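Chemist: Take a look at this one; I'll ask things after.
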Amino acid sequence: MKGIGTSPGIALGHVIVYKEPEIAVTKEQVQDIDKEIDRLEKAIKIGIKQIENLYEKTLKNVGKEEAEIFNAHKMMIEDPEFIGDVKETIKSQEVNAEWAVKNTADKYIEMFENIEDEYLRERALDLKDVSKRLLRILLDIETMDLGSLEEESIIVAEDLTPSDTAQMNKDMVLGFVTELGGKTSHTSIMARTLEIPAVSGLKDITNKVKNGDFIIIDGKEGIVLLNPSEEEIKTYEQKKKDYKEFQLKLEDMKGKESISKDGVKVEIAANIGTPKDVDKVIENDGEGIGLYRTEFLYMDSKTLPTEEEQFEAYKIVAERLEGKPVVIRTLDVGGDKDIPYLDLPEEMNPFLGYRAIRLCLDRTDIFKTQLRALLRASAFGNVKIMFPMISSIQEIRDAKKILEEAKEELRKENIPFDENIEVGIMVEIPAAAVHSDIFAKEVDFFSIGTNDLIQYTLAVDRGNQDISYLYNQYHPGVLKLIKMTIENGHKEGIWVGMCGEAAGDEKLIPLLLGMGLDEFSMSSSSMLRARWIINNTSKREIESMLDEILSLPTAEDVEKFIDEKILG
Ligand code: PEP
Ligand code: MG
């Protein structure tokens, strides 16, 4: 069976099917409204206590970042808007508290689930967790306690909430498999931190296995084997051993340089979305930040973030990186990233529409505010500015003109900033790659955004499941554009990085090294592995194979070549 690998590692063991107790809520008309409000308030109080306990437990057993999940739960359970809505339902419909909680929560959950952004969509799971807690308290329902498992087991569940995960005794839980949830659900985040292998997205798995069944899970590939053969058990025992050894090797990479076997030094940097992500960058020994996606600052807020709010966020990141490079990308909104308060137009083709630099050059008020905040933060570290979605030279010139205006304003106000701040662009539109020889004369660096470059080059919507088989980072056409961009950047003496997902792709890293890429920016958890690959690859050797690779007819041929002749 194949699902989504959400936390890497191999586990072999017996199953415990974790089924949540049925929560049946019926609608009842009530006379005594005050009594229902009182029951609700008491349940909220008990719920808060439980959540605070889970916070403490997680802080002690897992970590601060994971414990924050329960701060978010606490805010949800106390949220005046949500609770106000529940009370209003009790009063206006004269119904029992349980019904009002369920009804209101369902409404909010549906709203979250319809948001395109995966991160925000998965917050629906948190609200489900909180509302179920309230319902269990109101209905006096006991739950199975994952904290008191007596034998090592693999948990199979329809869904696991962060509260379930926090209670787990991690010495007894070998892994887990769920029907629901994706890579960014909090349960998956917890699993990765606890280093427990996990697979999700396996429909109906709770009905296919029973307590005591023996299964194998591969949390990287998303594979689950039910009642495996002796042969399979042997193979996976070995894989598990290899994986553990590899993890130890990766720990060894901390503090080392990212340098190829033949002495070529590159930079392994991180992609972040918020200042909170910096912890993981430092923990995994990142050499810088290659992409700070500032749009989350705008998306997590109800109104435009002020210059001061932005400055604080950028400054913290710059300071914590202590002089290492921090590439901050200006607002890249539109496409699949909506900001409701901006009232962006409905478009037929949002990915080809009014977005990113196009919006910023139109709404110069928003753009200038951000540039001022960025410049001010540059006085506190090694900040570089990057413009997204550049398709023409004119856009670079217009953006730089506004940047100059912002600089001039700050000079007049005697506010310090880095006068030599580097300015670069994302190369993520095919025209920018093809014309990169000319673009390189206008900027200090390029960062190749393969997530979009692939979608635009292959004309494949990156979020459309039905055509995802066409979205392929090994497509020779894409690789040619990447190579061309790196070479053209170098001809003009500028550095070239990559911040799309491809930069962290195990198979592509050697190729990119061979092409001369200077900086590889990826999720923090991939950085040490990338460093290991770089340290075990010879740039010259790969370089000599590039002509042959780029003349292969298909993406499959390229992948096969890498598997057999480079990694194999
Ligand atoms: C990209 O397009 O490759 C990129 C890094 O930006 P985003 O994924 O934010 O569009
Ligand atoms: Mg992009």
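The values are calculated or read from the model by the stated rules, or taken from the named source; none is laboratory data. Keep in mind the model is a prediction, meaning the values are calculated, not measured. Here the Cβ positions follow ideal geometry from the backbone for every residue, glycine too, while neighbour counts run over all protein chains shown.
Chemist: If only one of ARG192, ARG133 is closer than 27 Å to GLU237 by Cα and assigned to a helix (DSSP H, G or I), which one is it?
Modeler: ARG192
Chemist: I'm trying to understand the selection: among the residues of the stretch 197-226, which are among the polar types (S, T, N, Q) and out of contact with any Gly (no Cβ under 9 Å at 6 or more places or on another chain)?
Modeler: Passing the criteria: THR206, ASN207, ASN211.
Chemist: Does the stretch 506-535 hold any residues that are outside any helix (DSSP H, G or I) and either within 16 Å of ligand 2 (Cβ to nearest atom) or modelled with pLDDT of 95 or more (or both), and which are they?
Modeler: Correct list: GLY516, LEU517, ASP518, GLU519, PHE520, SER521, MET522, SER523.
Chemist: Still on this structure, I have one more. Could you check the stretch 46-62 and list, in sequence order, the residues that are charged (D, E, K, R) and either in the same structural domain as THR187 (by TED's automatic domain parsing) or more than 15 Å from ASP164 (Cβ to Cβ) (or both)?
Modeler: Residues of the stretch 46-62 charged (D, E, K, R): 49, 52, 56-57, 60.
Once the filter is applied, which keeps residues that are charged (D, E, K, R) and either in the same structural domain as THR187 (by TED's automatic domain parsing) or more than 15 Å from ASP164 (Cβ to Cβ) (or both), the stretch 46-62 yields LYS49, GLU52, GLU56, LYS60.
Chemist: Would you confirm, using the coordinates I've provided, whether ALA431 is surrounded by fewer than 16 Cβ atoms within 10 Å (Cβ to Cβ) and either in a helix (DSSP H, G or I) or of a type outside the set (Asp, Glu) (or both)?
Modeler: yes
Chemist: Mind counting the residues in the stretch 462-479 that are surrounded by 16 or more Cβ atoms within 10 Å (Cβ to Cβ), more than 13 Å from ligand 2 (Cβ to nearest atom) and either within 22 Å of the chain's Cα centre (by Cα) or not in a helix (DSSP H, G or I) (or both)?
Modeler: Residues that pass the stated criteria total 5.
Chemist: For the stretch 405-435, name all the residues that are within 16 Å of ligand 1 (Cβ to nearest atom) and touching a Leu at 6+ places or on another chain (Cβ under 6 Å).
Modeler: GLU428, ALA433
Chemist: I've got another one for you. Hey, among the residues in the stretch 321-338 that are more than 9 Å from ligand 1 (Cβ to nearest atom) and more than 22 Å from ALA377 (Cα to Cα), which one's surrounded by the most Cβ atoms within 10 Å (Cβ to Cβ)?
Modeler: Initially, the stretch 321-338 is screened for residues more than 9 Å from ligand 1 (Cβ to nearest atom), giving 321-328, 330-331, 333-334, 338.
Retained after the next criterion (residues that are more than 22 Å from ALA377 (Cα to Cα)): 334, 338.
Values: GLY334: 25, ASP338: 16.
So the residue we want is GLY334.
Residue by residue, here is whether (1) more than 18 Å from PRO197 (Cβ to Cβ); (2) hydroxyl-bearing (Ser, Thr, Tyr); (3) surrounded by 15 or more Cβ atoms within 10 Å (Cβ to Cβ) holds:
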{"residue": "THR6", "(1), (2), (3)": "no, yes, yes"}
{"residue": "ALA24", "(1), (2), (3)": "yes, no, no"}
{"residue": "ASP38", "(1), (2), (3)": "yes, no, no"}
{"residue": "LYS42", "(1), (2), (3)": "yes, no, no"}
{"residue": "TYR55", "(1), (2), (3)": "yes, yes, yes"}
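Chemist: Continuing with this model, one more query. Taking the stretch 148-162 as the region of interest, how many residues are closer than 18 Å to GLU179 by Cβ and not in a strand (DSSP E or B)?
Modeler: Residues flagged as closer than 18 Å to GLU179 by Cβ and not in a strand (DSSP E or B) within the stretch 148-162 amount to 5.
Chemist: Would you confirm, using the coordinates I've provided, whether GLU195 is surrounded by fewer than 16 Cβ atoms within 10 Å (Cβ to Cβ) and closer than 21 Å to GLU152 by Cβ?
Modeler: So GLU195 passes the test.
Chemist: Continuing with this model, one more query. Give GLN455, GLN394 a once-over and let me know the one that is away from ligand 2 (no atom under 16 Å from the Cβ) and not in a loop (DSSP other than H, G, I, E, B).
Modeler: GLN394
Chemist: Taking the stretch 301-320, which residues are buried (at least 19 other Cβ atoms within 10 Å of the Cβ) and among the hydroxyl-bearing types (Ser, Thr, Tyr)?
Modeler: Listed by number, the list holds a single entry, TYR314.
Chemist: Then there is this: Any idea which residue in the stretch 451-461 is surrounded by the most Cβ atoms within 10 Å (Cβ to Cβ), counting only those that are more than 12 Å from ligand 1 (Cβ to nearest atom) and of a type in the set (A, V, I, L, M)?
Modeler: As a first pass, look at the stretch 451-461 and keep what is more than 12 Å from ligand 1 (Cβ to nearest atom): 458-461.
If we keep only those that are of a type in the set (A, V, I, L, M) too, we end up with 458-460.
Working: LEU458: 19, ALA459: 9, VAL460: 17.
Applying the filter and picking the extreme gives LEU458.
Chemist: With the condition kept exactly as written, say whether any residue in the stretch 66-82 is touching a Ser or Thr at 6+ places or on another chain (Cβ under 7 Å), outside any strand (DSSP E or B) and either crowded, with 22+ Cβ neighbours inside 10 Å or among the basic types (Lys, Arg) (or both).
Modeler: Looking for residues that are touching a Ser or Thr at 6+ places or on another chain (Cβ under 7 Å), outside any strand (DSSP E or B) and either crowded, with 22+ Cβ neighbours inside 10 Å or among the basic types (Lys, Arg) (or both), one finds at least one in the stretch 66-82, hence yes.
Chemist: Separate question: Is the stretch 318-330 home to any residue that is within 30 Å of ARG540 (Cα to Cα), within 16 Å of ligand 2 (Cβ to nearest atom) and among the β-branched types (Val, Ile, Thr)?
Modeler: Looking through the stretch 318-330, at least one residue is within 30 Å of ARG540 (Cα to Cα), within 16 Å of ligand 2 (Cβ to nearest atom) and among the β-branched types (Val, Ile, Thr).
Chemist: Out of the residues in the stretch 436-450 that are over 22 Å from the mean Cα position of the chain (by Cα) and not hydrophobic (A, V, I, L, M, F, W, C), state the one that is nearest to ligand 1 (Cβ to nearest atom).
Modeler: Filtering the stretch 436-450 for residues that are over 22 Å from the mean Cα position of the chain (by Cα) and not hydrophobic (A, V, I, L, M, F, W, C), the one nearest to ligand 1 (Cβ to nearest atom) comes out as SER436.
Chemist: In the stretch 327-339, what residues are within 18 Å of the chain's Cα centre (by Cα) and closer than 16 Å to LEU375 by Cβ?
Modeler: Of everything in the stretch 327-339, those that are within 18 Å of the chain's Cα centre (by Cα) and closer than 16 Å to LEU375 by Cβ turn out to be VAL327, ILE328, ARG329, LEU331.
Chemist: So, one more: Please list, ordered by first then second residue, the pairs with beta carbon atoms under 6 Å, 6 or more apart or interchain, first in the stretch 166-186 and acidic (Asp, Glu), second crowded, with 21+ Cβ neighbours inside 10 Å and modelled with pLDDT of 90 or more.
Modeler: If the second residue must be crowded, with 21+ Cβ neighbours inside 10 Å and modelled with pLDDT of 90 or more, the pairs left are GLU179/ILE205.
Chemist: Let me confirm something: among GLY222, GLY273, GLY201, GLY212, which residue is touching a strand residue (DSSP E or B) at 6+ places or on another chain (Cβ under 9 Å), within 28 Å of ASP300 (Cβ to Cβ), assigned by TED's automatic domain parsing to the domain that holds THR165 and modelled with pLDDT under 95?
Modeler: Criteria check complete, one pass: GLY201.
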